[in-house]
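Q: Let me give you the structure first, and then I'll get to my questions.
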Amino acid sequence: MLRAGLIGLPLTGKTTLLRLLSRQNRGTRSTGGRTEPQVGVAQVPDPRLDVLAELFEPQRHVPATMEVSELAGYGGAESRLDVSEFRDADALLHVLRMFRDEHVPHTAGNVDPVRDMRQMEDELMLADLAVSERRLERIRQEQKKGKSRKLSEEARVIDQCRSALEEGRPLRTLTLDAEDEKHLRGFSFLSAKPLLVVLNLDESDVSDPDDAVERAGLNEMLAGDAIETVPICAKIELEIAELPAPDCAAFLDDLGLTDSGLDRVIRASYHLLGYISFFTVGEDECRAWSVPRGTSAQDAAGEIHSDIARGFIRAEVVPYDALTARGGSHTACRKNGEVRLEGKDYKVDDGDVINFRFAV
Ligand SMILES: Nc1nc2c(ncn2[C@@H]2O[C@H](COP(=O)(O)OP(=O)(O)OP(=O)(O)O)[C@@H](O)[C@H]2O)c(=O)[nH]1
Ligand SMILES: [Mg+2]
């Protein structure tokens, strides 16, 4: 499951976005107040799962999910981000305020997305700088006891990170080879994580979201590989999302929006992280699962249950298109040679419908 951490200055719309994303699941945990973390689970919209559910008529169908948490205790300029809270996050979602509303005070007095974007980037880099300096110091201590090639390699890579940070370059902009990247695993550098910038638009801009980046002068800051941008108006979208489904579609249509903010945020996250979905089907349950592109069949099995990964024998794979073209009949697919038997190293493809054979 994809895990994302919500960051942003106070009163930018983080909780509003969290509520929008986790709306179908009323299970948002909140203890209220700014010092408690809030966790929401968003269902990943995938029309393919609905088609499979129609074919198999299972007792339940379960979409893939994405977990979003708003971090505790971040009160803007005076406090620092707590790195440990982010350790598990696959990506960060930065909610950047574009809406103007005199009833919602801005900590800096006025709305200025470029300034706020820079401030949040600085926060991430400062936190990383502290981590890298601590690690370099520890390496120096260890090297006093005895030098090793591994340690000096690590020191070299971390020093490279530190220089980038000192120059104000987030670590996600660094290109490291695979060997060097290994040294950085385990540090969970914040500025190295893929970043989705959610521009929380003013109500007056909701019908014209695409120019928002340009208008805000954010083009340059939001360029690059590990960064994506989604403009939405969280407040309006939440209001609309709380309407009955037919009204909801009509309202989105009125605003000239082809899909909901939920869809756009999730799609951008998937794209940013290179996630794909595979499916399991049956009479009791049809379910979508999300994994990073390139995941092996055995690791995909582990997403379902560690026992299935451990006792993995093989994966019976049929592409979604083939299975639906034959009305959901595995027998027909098998007759036509469309069901493949794959081993544990097979790289799962988007849309694979998989039956895992395993022994416990
Ligand atoms: N006008 C307008 N108000 C918004 C929008 N999004 C959020 N707000 C309002 O801004 C206020 C703060 O929203 P939250 O979602 O609680 O913001 P937050 O970032 O979680 O705030 P803290 O957790 O307290 O830092 C609320 O009154 C929201 O209704 C928007 O798009 N337009
Ligand atoms: Mg909040």
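The values are calculated or read from the model by the stated rules, or taken from the named source; none is laboratory data. As the structure is a computational prediction, the values presented were derived from the model and not from experiment. Glycine also receives a Cβ, built like all others from the backbone with ideal geometry; neighbour counts cover every protein chain displayed. Areas reflect the complete protein model, heavy atoms only, side chains present, ligands, DNA and RNA absent. Shrake-Rupley method; radii C 1.70, N 1.55, O 1.52, S 1.80 Å.
Q: For the condition part of a helix (DSSP H, G or I), closer than 16 Å to L96 by Cβ and not assigned by TED's automatic domain parsing to the domain that holds M125, what is the one hit in V198, V230, V213?
A: V213
Q: When region 327-347 is examined, which residues are found to be surrounded by fewer than 18 Cβ atoms within 10 Å (Cβ to Cβ) and either β-branched (V, I, T) or in a loop (DSSP other than H, G, I, E, B) (or both)?
A: G327, S329, T331, N336, G337, E338, G343, K344, D345
Q: Further, regarding this structure: Can D350 be described as surrounded by fewer than 18 Cβ atoms within 10 Å (Cβ to Cβ) and assigned by TED's automatic domain parsing to the domain that holds L92?
A: no
Q: Something else about it: Can you tell me which residues in region 147-178 are surrounded by 14 or more Cβ atoms within 10 Å (Cβ to Cβ) and among the basic types (K, R)?
A: R162, R169, R172
Q: Conditions first: (1) within 12 Å of ligand 1 (Cβ to nearest atom); (2) within 23 Å of E239 (Cα to Cα); (3) modelled with pLDDT under 90; (4) among the aliphatic types (A, V, I, L, M). V95 passes all but one, so which condition is the exception?
A: If we test V95 against (1) within 12 Å of ligand 1 (Cβ to nearest atom); (2) within 23 Å of E239 (Cα to Cα); (3) modelled with pLDDT under 90; (4) among the aliphatic types (A, V, I, L, M), just (3) comes out false.
Q: Same structure again: Please go through region 85-102 and pick out each residue that is within 16 Å of ligand 2 (Cβ to nearest atom) and either part of a strand (DSSP E or B) or of a type outside the set (D, E) (or both).
A: Taking region 85-102 first, the residues within 16 Å of ligand 2 (Cβ to nearest atom) are 85, 92-97, 99, 101.
Across region 85-102, the qualifying residues are L92, L93, H94, V95, L96, R97, F99.
Q: Identify the single condition in (1) open to solvent by 50 Å² or more (accessible area, probe 1.4 Å); (2) touching a residue at least 24 places away in the same chain (Cβ under 8 Å) that D253 does not satisfy, given that it satisfies every other one.
A: Every condition holds for D253 apart from (2).
Q: Also, quick follow-up: Restricting to region 2-16, and then to whatever is more than 9 Å from ligand 2 (Cβ to nearest atom) and under 14 Å from the mean Cα position of the chain (by Cα), can you tell me which residue is most open to solvent (accessible area, probe 1.4 Å)?
A: Selected residue: R3.
Q: In region 103-133, which residues are within 16 Å of ligand 2 (Cβ to nearest atom) and within 24 Å of the chain's Cα centre (by Cα)?
A: Matches in region 103-133: D116, M120.
Q: Just to verify a result, which residue in region 16-32, among those that are modelled with pLDDT under 90 and β-branched (V, I, T), is nearest to S277 (Cα to Cα)?
A: Here the residue is T28.
Q: Mind listing just one residue for me: the one in region 224-242 that is at pLDDT below 85 and more than 21 Å from D202 (Cβ to Cβ) and, of those, nearest to ligand 1 (Cβ to nearest atom)?
A: Result: G224.
Q: Any residue at all in region 48-57 that's outside any helix (DSSP H, G or I), at pLDDT 85 or above and more than 10 Å from ligand 2 (Cβ to nearest atom)? If you could, list the steps in order and put the result at the bottom.
A: First, pick out the residues of region 48-57 that are outside any helix (DSSP H, G or I): 57.
If we keep only those that are at pLDDT 85 or above as well, we get 57.
Still in the list and also more than 10 Å from ligand 2 (Cβ to nearest atom): 57.
Looking for residues that are outside any helix (DSSP H, G or I), at pLDDT 85 or above and more than 10 Å from ligand 2 (Cβ to nearest atom), one finds at least one in region 48-57, hence yes.
Q: Hey, can you tell me all the residues within region 256-275 that are loosely packed, with under 14 Cβ neighbours inside 10 Å and either over 19 Å from the mean Cα position of the chain (by Cα) or at positive phi (or both)?
A: G256, T258, G274, listed by residue number.
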